[in-house]
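The values are calculated or read from the model by the stated rules, or taken from the named source; none is laboratory data. No experiment lies behind these values; they were computed from the predicted model shown. Note that each Cβ is placed from the backbone with ideal geometry, even for glycine, and that neighbours are counted across all protein chains shown.
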Amino acid sequence: MKTTAFSARRILAAALLAASPAILGADEPKKPDALPTPAPAPAGSGAAALEKLKALAGDWVEIEPKMGPAGHVAESYRVTGAGSALVSTLAPGTPHEMVSVYHRDGNDLVMTHYCAAQNQPRMRAKTVTGNVIAMDFDGGTNVDPAKDVHIHAVKIELLGPDEMRETWIGWKDGKPEEPPLVLHLKRKKG
């Protein structure tokens, strides 16, 4: 709560400071410069991978239902943080809803998965080629990879603008669980 109150005070102070020329009778406050447009990212970089993932914004249903009834939204994506992050909500509105947040860390694409197993594994993209983004475990909180059940790897295959496949590899007792969860998804229209 202190962080929120502190942030609110900083935002209020910044707003008052920005408005002070008008309050003090200045002719016209200076308009802030527009944010610079980032340079295009090199192919295969974390920035390029994040841009590909941001195109997933919207709701997705399973082609071969595993997580719920046919036509039910299995996953939704939304862009946040002024375009700097992508939030994925898996099984939205269910007791096992999970959230993953994708963003850049330098030139890498990273993701934190807030799991129903009550741990938060972090992934880092190891392979970004064409339309495949493969991420592997890169630490986490509330997780001991040698013994705890957790998501250890995720592969996203962009099969077209409205179709994708996600492969989620669970880990238990220090080794992969079989079989992995494979979600074949299509964009929900209308």
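Before moving on, here are some points about what is shown:
- Every residue from the stretch 70-119 that is among the polar types (S, T, N, Q) and surrounded by fewer than 17 Cβ atoms within 10 Å (Cβ to Cβ): THR80, SER84, THR94, ASN107, GLN118
- Subset of the stretch 127-144 (residues that are modelled with pLDDT of 95 or more and either in contact with a His (Cβ under 8 Å, 6 or more places away or on another chain) or farther than 20 Å from VAL79 by Cβ (or both)): VAL132, ALA134, ASP136, PHE137, ASP138, GLY139, GLY140, THR141, ASN142, VAL143, ASP144
- Residue list for the stretch 50-65, restricted to those being in contact with a Pro (Cβ under 9 Å, 6 or more places away or on another chain) and in a loop (DSSP other than H, G, I, E, B): ALA55
- Residue match in the stretch 36-46 (condition: modelled with pLDDT under 95, within 13 Å of the chain's Cα centre (by Cα) and in a helix (DSSP H, G or I)): yes
- Selection from the stretch 55-87 of residues that are in contact (Cβ under 8 Å) with a residue 24 or more places away in the chain and among the charged types (D, E, K, R): ASP59, GLU62, GLU64, LYS66, GLU75
- Of the criteria (1) closer than 28 Å to VAL132 by Cα; (2) modelled with pLDDT under 95, which one ARG10 fails: (1)
- Matching strands (runs of 3 or more DSSP E) fully within the stretch 71-112 where at least 2 residues are within 14 Å of the chain's Cα centre (by Cα) and charged (D, E, K, R): 73-80, 98-105
- Of all residue pairs spaced 6 or more apart or on separate chains, those with beta-carbon atoms under 7 Å, a first member in the stretch 88-104 that is over 19 Å from HIS152 (Cα atoms) and a second member that is of a type in the set (Val, Ile, Thr) are PRO92/VAL73.
- Among the candidates ALA57, ALA85, ALA48, the residue that is in contact with a Lys or Arg (Cβ under 7 Å, 6 or more places away or on another chain) and not charged (D, E, K, R) is uniquely ALA57.
- Residue, farthest from ALA91 (Cα to Cα), within the stretch 120-162, restricted to residues that are surrounded by 18 or more Cβ atoms within 10 Å (Cβ to Cβ) and among the small types (Gly, Ala, Ser): ALA125
- Within the set LYS126, LYS155, the sole residue that is of a type in the set (Lys, Arg) and within 21 Å of GLY106 (Cβ to Cβ) turns out to be LYS126.
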